[in-house]
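For reference, the structure discussed in these notes is given below.
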Amino acid sequence: MARYTGPACRLCRREGEKLFLKGERCSKQNCAINKRPTAPGQHGTSRKKLSEFGQQTREKQKTKRIYGLLEKQFRQYFEVARRTPGVTGENLLRLLELRLDNAVYRLGFGRSRTEARQVVRHNLITVNGKKVNIPSYQLKVGDVIQVRDKSKSIQRFKDVLDVTASRSIPEWLSGDPENLRGTVTMKPLREHITYDLRETLIVELYSK
């Protein structure tokens, strides 16, 4: 699956806010957006007022970048959300939250979603006792996510947990950091997703 491999801080600067793409570094003073709050490029200092279409596009881009997706895959999620009973925008965010790489990040097994995706790709995670190396794997209520027993002693996870220990775990997950395990206890609700996202703009954009 194709993915963005350029500088992560450039994406935050483009959206004009922190997307926390580099984990805990984004909380430090040397974060790029603290040093250069303008958009990248020679015209970055002159942000123009966005049209309605521009606002919708920026909201889509911001959401894609937070979850580390490109256009084709993001559009596929939207089509699934549109066909699912309920509010389309909330369905979309729920599908994104239930990705395995996102759950690994939320549980604190990765400092960023990029690192969480790498952990999954490297066959270090099991779901219900079975090895799963697909970052986009869709979790269900009751699924148990766990670092493989053979991998628990890796220094990498000890270092990661030292950094993510203070991170709060969303209500739809129950975490057991000591055993590097977590469980999906319920479907994510809109109030559990604390990012400043306006999913209605995305729905309006794709509905044109």
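Which one is nearest to residue 109 (Cα to Cα), of the residues in region 169-181 that are open to solvent by 40 Å² or more (accessible area, probe 1.4 Å) and under 17 Å from the mean Cα position of the chain (by Cα)? In this case the residue turns out to be 169. Residue pairs whose Cβ atoms lie under 6 Å apart, sitting 6 or more positions apart in sequence or on different chains, and linking a residue in region 182-204 that is farther than 16 Å from residue 104 by Cα to a partner that is of a type in the set (Gly, Ala, Ser), are 199/89; 200/89; 203/89. From the list 184, 160, the lone residue that is surrounded by 15 or more Cβ atoms within 10 Å (Cβ to Cβ), within 18 Å of the chain's Cα centre (by Cα), of a type outside the set (Ser, Thr, Tyr) and at pLDDT 95 or above is 184. Does region 49-82 hold any residues that are touching a helix residue (DSSP H, G or I) at 6+ places or on another chain (Cβ under 9 Å) and of a type in the set (D, E, K, R), and which are they? If the condition is that a residue be touching a helix residue (DSSP H, G or I) at 6+ places or on another chain (Cβ under 9 Å) and of a type in the set (D, E, K, R), then 52, 58, 59, 60, 62, 64, 65, 71, 75, 79, 82 are the ones that fit. Determine whether residue 200 is open to solvent by 30 Å² or more (accessible area, probe 1.4 Å), of a type in the set (S, T, N, Q) and not in a loop (DSSP other than H, G, I, E, B). Considered against the rule, which asks whether it is open to solvent by 30 Å² or more (accessible area, probe 1.4 Å), of a type in the set (S, T, N, Q) and not in a loop (DSSP other than H, G, I, E, B), residue 200 comes out as yes.
Residue-level analysis places residue 113 among those that are under 30 Å from residue 54 (Cα atoms), in contact with a Phe, Trp or Tyr (Cβ under 7 Å, 6 or more places away or on another chain) and open to solvent by less than 60 Å² (accessible area, probe 1.4 Å). Across region 187-197, what is the total count of residues that are buried (at least 17 other Cβ atoms within 10 Å of the Cβ) and acidic (Asp, Glu)? Here the count works out to 0.
The values are calculated or read from the model by the stated rules, or taken from the named source; none is laboratory data. In this text the structure is predicted, and so the values were computed from the model without any measurement. Note that we place each Cβ from the backbone using ideal geometry, even for glycine, and neighbour counts take in every protein chain shown. To get the accessible areas, we keep the full protein, side chains included, count just its heavy atoms, and leave off ligands, DNA and RNA. Shrake-Rupley method; radii C 1.70, N 1.55, O 1.52, S 1.80 Å.
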